Amino acid sequence: MTVTSQQARIVLSTADSDEEANHIAYALVDKRLAACISLIPNVKSIYRWQGSSKALRRFCSSSKPLWINSTNSKPPCIAFILTQFRSFLFLE
């Protein structure tokens, strides 16, 4: 099956550890909810928490960004899997 650019979707999320990221990635690929998932080794996050802005550089030992390649019909199913496997309080 060929996926057009109108059908393709990228879902971004994070995991708390390598183990959690791998668990999520394999679950999504095995259930055919994602064609490919890239685990990004580091990222700098700037965010607001408890009334003030924070900056955090995340390296391999910390949070793992996930780049999830999928189609436009899959994000609700992906969100469900993420809520099952992620340890973070909020779903991104």
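Listing for the model above:
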{"read-out": "Pick from region 30-68, criterion in contact with a Cys (Cβ under 8 Å, 6 or more places away or on another chain) and surrounded by fewer than 16 Cβ atoms within 10 Å (Cβ to Cβ), ranking: modelled with the lowest pLDDT", "value": "N42"}
{"read-out": "Pair list, Cβ under 6 Å, 6 or more apart: region 9-33 residue under 13 Å from P65 (Cα atoms), other residue assigned to a helix (DSSP H, G or I)", "value": "V11/P75; V11/I78; S13/L82; A15/A21; A15/I24; I24/F85"}
{"read-out": "Near pairs, Cβ below 6 angstrom, 6+ apart or cross-chain, from region 38-59 (under 28 Å from A27 (Cα atoms)) to any residue that is modelled with pLDDT of 80 or more", "value": "S38/W67; L39/A21"}
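The values are calculated or read from the model by the stated rules, or taken from the named source; none is laboratory data. As the structure is a computational prediction, the values presented were derived from the model and not from experiment. Quick reminder, even Gly has a Cβ in these numbers, built from the backbone with ideal geometry, and neighbours come from all protein chains shown.
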